[in-house]
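Okay, so here's the structure we're looking at.
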Amino acid sequence: MDILNGIRVLDLTNVLSGPFATLHLALLGAEVIKIENPDAGDLARKLGCVSDYNNKLLGTSFIAQNANKKSVTLNLKEPKAKEIFLKLAETADVVVENFRPGVMDRLGIGYKKLTEINPKIIYLAISGFGQTGPDAFKPAYDQIIQGLSGVMAINGTPELNPLRCGFPVCDTIGGINGAFAVMAALFHRERAGEGQFIDVALLDSVMPFMGWVVANLMLGGQHPQLLGNDNFTAAPSGTFKTKDGYINIAANKQEQWHAVADILGVPELKEDPRFKERDARKANRFALTPLLEEKLVLNTTAFWVEKLNQAGVPSGEILKLDEAVSQPQVEHRNTFAEVELQGIGKVKLFNLTAKFEKTPGLVKTPPPTLSQHTYEILQGIGYSKEEIDEFKAQGIV
């Protein structure tokens, strides 16, 4: 049995942070019902690199994070649609939304209203800045939060800074934070018998993920260095040239540094005062790197990866994305599942990446087409097919 079997989630979220949170709940076995606008649904349905998919309202951005979910359409500006939603909320365990603060209250279906009909409801609100504070009502996308959180300030080199992370890191982390919070709230409800409101802000969420960098500043007064592909905690630890490309080497321990020097045939560097101790190597990393690369460029990345890993020095190729997602280790870990998506064919989607021994979180159904489950879900709460047909004719669903 799935961990969240029997848990019903009403998902009013769009695009990334919210859908990523509810994806993890769906993979853990919750019944996640997307509540979408009848016009076009989740904006992500139109987002992606394949125009044909966008036109089918199954954009790649939507496909990526909506497996195992159901889709119901409700025009929540219509009184009857609000009535239907509240009836659904009576049957739900969790509601998730990522609107700006106050939107659900203005619609008359906010947390306070929901607790009147379902006191045990768990309500997760994900927003850029949180529900309160001087910036609470400002609009926010991932890149805005990357800039305001300091993420862009710590990336790159002096010549290439500020620099955004290459994927929507704040949205993604906010989603994971939201899913974790819902799981904790469900656990609390099991013990205390009460639901609660959860306020997750993308700005809050990303800061702990910069832990060491923030700690060095707040506890040690050290501002981050712009080291590009170098690791600020150790040297040699970063990206280095080889005969046919680049290699990542992470010699973070003293014995690993000694192994690097021996394997590259420069044992004398172990006693060089500039490189003998950890802090000295960090201070003189820009002198050390060319001395190592003189040796590394004499052979291939694959050669050095094998030699260094055999000696206990973490090292690896720098793969292109298509190589990364198809590498044998990823396939062995069953990171992706292949499912058939109507009108598109076979697609690969992420399974749950935490590997539970007894309750694996697997992709079981493809992302839903818009309104695919409206009749099923509404009939399940007592509406007849004829009533739903009339709702559809009136633009309510």
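Have a look at 343, 395, 312, 380 and point out the one that is at pLDDT below 95 and either in contact with a Phe, Trp or Tyr (Cβ under 9 Å, 6 or more places away or on another chain) or not hydrophobic (A, V, I, L, M, F, W, C) (or both). First the steps, then the outcome.
Working: 395 fails: at pLDDT below 95; 312 fails: at pLDDT below 95; 380 fails: at pLDDT below 95.
Within the list 343, 395, 312, 380, the selection yields 343.
With respect to residue 88, determine if the residue is assigned by TED's automatic domain parsing to the domain that holds residue 382, without any contact (Cβ under 8 Å) to a residue 60 or more places away in the chain and not β-branched (Val, Ile, Thr). Lay out the reasoning, then the answer.
Working: assigned by TED's automatic domain parsing to the domain that holds residue 382: yes; without any contact (Cβ under 8 Å) to a residue 60 or more places away in the chain: no; not β-branched (Val, Ile, Thr): yes.
In short, no.
Starting from the stretch 213-236, keep only residues that are in the same structural domain as residue 160 (by TED's automatic domain parsing) and within 21 Å of residue 149 (Cβ to Cβ), then list their pairs with residues that are of a type in the set (S, T, N, Q) and crowded, with 18+ Cβ neighbours inside 10 Å whose Cβ atoms are within a distance under 9 Å, requiring at least 6 positions of separation or different chains.
none
Among the numbered criteria (1) closer than 23 Å to residue 141 by Cβ; (2) in contact with a helix residue (DSSP H, G or I) (Cβ under 8 Å, 6 or more places away or on another chain); (3) free of Cβ contacts under 8 Å to residues at least 12 places away in the same chain, which one does residue 167 miss?
Condition not satisfied by residue 167: (2).
Just to verify a result, which residue in the stretch 31-74, among those that are among the polar types (S, T, N, Q) and surrounded by fewer than 19 Cβ atoms within 10 Å (Cβ to Cβ), is nearest to residue 364 (Cα to Cα)?
Going through the stretch 31-74, the residues among the polar types (S, T, N, Q) turn out to be 37, 51, 54-55, 60-61, 65-66, 68, 71, 73.
If we keep only those that are surrounded by fewer than 19 Cβ atoms within 10 Å (Cβ to Cβ) too, we end up with 37, 51, 54-55, 60.
Details: 37: 25, 51: 26, 54: 23, 55: 25, 60: 18 Å.
Looking at the filtered set, the residue picked out is 60.
Checking the conditions here, which among 117, 126, 122, 109 is under 22 Å from residue 390 (Cβ atoms), in the same structural domain as residue 200 (by TED's automatic domain parsing) and among the hydrophobic types (A, V, I, L, M, F, W, C)?
Values: 117 fails: under 22 Å from residue 390 (Cβ atoms); 126 fails: under 22 Å from residue 390 (Cβ atoms); 122 fails: under 22 Å from residue 390 (Cβ atoms).
From the options 117, 126, 122, 109, the qualifying one is 109.
Tell me the residue from 130, 110 that is surrounded by fewer than 21 Cβ atoms within 10 Å (Cβ to Cβ) and touching a residue at least 12 places away in the same chain (Cβ under 8 Å), please.
On the way: 110 fails: touching a residue at least 12 places away in the same chain (Cβ under 8 Å).
Exactly one residue qualifies, and that residue is 130.
For the stretch 228-246, give me the residue count where each residue is part of a loop (DSSP other than H, G, I, E, B) and surrounded by fewer than 18 Cβ atoms within 10 Å (Cβ to Cβ). Don't jump to the end; show me each part of the working.
Keep residues of the stretch 228-246 that are part of a loop (DSSP other than H, G, I, E, B), which gives 228-236, 242-245.
When the remaining residues are screened for being surrounded by fewer than 18 Cβ atoms within 10 Å (Cβ to Cβ), the result is 228-229, 233, 243-245.
Looking only at that region, the number is 6.
Answer with yes or no whether residue 182 is at pLDDT 95 or above, assigned to a helix (DSSP H, G or I) and touching a Cys at 6+ places or on another chain (Cβ under 7 Å). Let's see the steps before the verdict.
Values: at pLDDT 95 or above: yes; assigned to a helix (DSSP H, G or I): yes; touching a Cys at 6+ places or on another chain (Cβ under 7 Å): no.
The answer is no for residue 182.
Test residue 204 against the stated conditions and say whether it is acidic (Asp, Glu) and in contact with a helix residue (DSSP H, G or I) (Cβ under 9 Å, 6 or more places away or on another chain).
Numbers: acidic (Asp, Glu): yes; in contact with a helix residue (DSSP H, G or I) (Cβ under 9 Å, 6 or more places away or on another chain): yes.
It is true that residue 204 is acidic (Asp, Glu) and in contact with a helix residue (DSSP H, G or I) (Cβ under 9 Å, 6 or more places away or on another chain).
Just the residues that are over 21 Å from the mean Cα position of the chain (by Cα), of a type outside the set (A, V, I, L, M) and assigned to a strand (DSSP E or B), please, taken from the stretch 327-353.
Once the filter is applied, which keeps residues that are over 21 Å from the mean Cα position of the chain (by Cα), of a type outside the set (A, V, I, L, M) and assigned to a strand (DSSP E or B), the stretch 327-353 yields 340, 345, 346.
Hey, could you check the stretch 354-397 for residues that are part of a loop (DSSP other than H, G, I, E, B) and of a type in the set (S, T, N, Q) and say which is surrounded by the fewest Cβ atoms within 10 Å (Cβ to Cβ)? Spell out the reasoning first.
Filtering the stretch 354-397 down to residues part of a loop (DSSP other than H, G, I, E, B) leaves 354-373, 381-384, 394-397.
Add one more test, that the residue is of a type in the set (S, T, N, Q), and what stays is 359, 365, 369, 371-372, 384, 394.
Numbers: 359: 14, 365: 14, 369: 16, 371: 18, 372: 19, 384: 10, 394: 12.
In this case the residue turns out to be 384.
Considering only the stretch 308-321, I want to know if a residue exists there that is within 19 Å of residue 351 (Cβ to Cβ) and either surrounded by 12 or more Cβ atoms within 10 Å (Cβ to Cβ) or under 30 Å from the mean Cα position of the chain (by Cα) (or both). Talk me through it step by step, then tell me what you get.
Within the stretch 308-321, the subset within 19 Å of residue 351 (Cβ to Cβ) is 321.
Add one more test, that the residue is either surrounded by 12 or more Cβ atoms within 10 Å (Cβ to Cβ) or under 30 Å from the mean Cα position of the chain (by Cα) (or both), and what stays is 321.
The answer is yes; a qualifying residue exists.
Is the stretch 19-41 home to any residue that is of a type in the set (Ser, Thr, Tyr), over 17 Å from residue 341 (Cα atoms) and in the same structural domain as residue 183 (by TED's automatic domain parsing)?
Restricting attention to the stretch 19-41, the residues satisfying the condition of being of a type in the set (Ser, Thr, Tyr) are 22.
Add one more test, that the residue is over 17 Å from residue 341 (Cα atoms), and what stays is 22.
Remaining after also requiring in the same structural domain as residue 183 (by TED's automatic domain parsing): 22.
Yes - at least one qualifying residue is present in the stretch 19-41.
The values are calculated or read from the model by the stated rules, or taken from the named source; none is laboratory data. The model shown is predicted, which means the values in this text are computed figures rather than measured ones. In this analysis, Cβ positions are derived from the backbone assuming ideal geometry, glycine residues included, and neighbour counts consider all displayed protein chains.
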